[in-house]
Amino acid sequence: MTGTNNAGIPFLTTEQMREVDRAMIDDYGIHLIQMMENAGRNLAHLARRRFLDSDPEGRRVLVLAGVGGNGGGGLVCARHLHNWGAKVTVWTSAPADHLTKVPRHQLSILQRLHVDLLVADENARLPDADLIIDAIIGYSLSGDPRGPAASLIRAANDHSAPVLALDAPSGIDTAAGTVHDPSINATATVTLALPKEGLRSESAREHVGELYLADISVPPKLYGDPPLNLAVGAIFAKEEVLRIW
């Protein structure tokens, strides 16, 4: 990872990020499962280096995963950390049949690997751990988190372990930077492709913690094409994960 470096890296609105996701799939044929694998792998790399002393073997990691793409990235991260020797436990905010198609596929891999899988209820209590991965809710948040998702957020905030959030701390609106109740208090956040505009609002930054940017293989040409018209170079030429602040 490089040191703090945000020179020339633009922030995206939520609508622009939706356009990135659409263009990746429709225009470039880079599908969700590929983006998810890149996101989860880079999340695991940062978890290993920043929080697990570059050696996850035997370390206890709790992965909190939602039902959509953000949760799927967390499940990929869980697989990599498990493969690297960490003692991983996954808590999902809903049963497997409530997950969308690609995250459900990622969960099925963990089932085959016999990773510990639990479904949260509205009174979640988390065991001791060295690290918590927050992959409950990404940029698709709409209003205050509810039900088991909210329960997991509160349990993570009450825990003594550091929290590493994927894309945005769950409960933070990436468009306006609104802090919903509850919202994750992250030690660090790994956002994807380009950083989201709402993450730099004064209220959100208190929940974001250290901000990192991870490569999910978006072609620079995609950013330069209409309707985005953004000049983004090969920002990941030297590292797949950059520190923004």
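Worth pointing out:
- Filtered residues of segment 92-102 (kept if in contact (Cβ under 8 Å) with a residue 40 or more places away in the chain and either touching a Gly at 6+ places or on another chain (Cβ under 6 Å) or crowded, with 23+ Cβ neighbours inside 10 Å (or both)): SER93, VAL102
- Of the residues making up segment 138-160, those that are closer than 19 Å to PRO95 by Cβ and of a type in the set (D, E, K, R) number 1.
- Only one of the numbered conditions (1) surrounded by 24 or more Cβ atoms within 10 Å (Cβ to Cβ); (2) in contact with a His (Cβ under 7 Å, 6 or more places away or on another chain) is violated by ALA78, and that is (2).
- Residue in segment 52-64 that is closer than 21 Å to VAL241 by Cβ, within 19 Å of the chain's Cα centre (by Cα), charged (D, E, K, R) and crowded, with 16+ Cβ neighbours inside 10 Å present: no
- Segment 174-198, subset in contact with a His (Cβ under 9 Å, 6 or more places away or on another chain) and surrounded by fewer than 23 Cβ atoms within 10 Å (Cβ to Cβ), residue nearest to SER93 (Cα to Cα): ASN185
- ALA231 meets each of the listed conditions (1) in a loop (DSSP other than H, G, I, E, B); (2) more than 16 Å from the chain's Cα centre (by Cα); (3) modelled with pLDDT of 95 or more; (4) more than 26 Å from HIS159 (Cα to Cα) apart from (3).
- Any hit, segment 197-205, residues being closer than 14 Å to ILE9 by Cβ and acidic (Asp, Glu): yes
- Members of segment 55-67 found to be small (Gly, Ala, Ser) and more than 19 Å from VAL163 (Cβ to Cβ), listed by number: GLY58
- Residue that is touching a strand residue (DSSP E or B) at 6+ places or on another chain (Cβ under 6 Å) and farther than 20 Å from GLY73 by Cα, where the choices are ALA214, ALA204: ALA204
The values are calculated or read from the model by the stated rules, or taken from the named source; none is laboratory data. Bear in mind the structure is a predicted one, so any value in this text is a computation, not a measurement. Positions of Cβ are backbone-derived with ideal geometry, glycine not excepted, and every protein chain shown enters the neighbour counts.
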